[in-house]
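**Student:** Submitted below is the structure of interest, expressed as structure tokens.
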Amino acid sequence: MGQKDQGIYNLRVLLADNYAKISEFQQTLDEEARQLTKLRELLEDREFQLRQLKYELLVTRNNAAQALLVLSKQPRDSLTSSLTDKNQSSVEQHLERREQKDSNASDTQQEELDLALYMLCQQDFQCDELTLELMQVRILIK
């Protein structure tokens, strides 16, 4: 009976060790599940911000196009009188350059498109940063 009792005792010790390991694994699993939930929430938040920035970019593009259209149609004096001193000099320089060019419509349109593209690139930078962050978060989740 001594060996039988010793065998039962050894089995109980192993069983207790296994229960302890299972408990540790369960705690680790719970912690990882919480972290995964947080990452998913962060990902959803970043995706929402990205959609919002894309919408703002679209609105800005439309506003820039409308502003360029208005600039091209307004007489020079009425335009410069409505601007602040800081912006007035840059707009005057832009208008003077435009006046110095030939009256060729394609050159004027190209310059206006270049200006609009420059303005859009400034706002597009933040969208690119958020996209990169989202991709990094997705890699971490996988």
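**Student:** For labels at Leu132 and Asp5 in the simple 7 Å Cα→Cβ model, what's the distance in nm?
**Tutor:** 7.1 nm
**Student:** Sorted from fewest to most neighbouring beta carbons within 10 Å, what does the list Lys54, Lys38 look like?
**Tutor:** Lys38, Lys54
**Student:** Quick check: residue separation of Leu36 and Gln66 times 0.36 nm, minus the Cα distance between them. What number comes out in nm?
**Tutor:** The Leu36-Gln66 span can extend by a further 6.3 nm.
**Student:** If you take the beta carbon distance between Gln52 and Thr28 as r and set R0 to 35 Å, what does 1/(1 + (r/R0)^6) give as a FRET efficiency, to the nearest 0.05? Can you show the working numbers first?
**Tutor:** Numbers: r = 36 Å, r/R0 = 1.03.
Computed FRET efficiency for Gln52 and Thr28: 0.45.
Every number here is computed from the coordinates shown, using simple stated rules; none is lab data. In this text, all values refer to a predicted model and were calculated from it rather than measured experimentally. Positions of Cβ are generated from backbone atoms using ideal geometry, with glycine treated the same way; all protein chains shown enter the neighbour counts.
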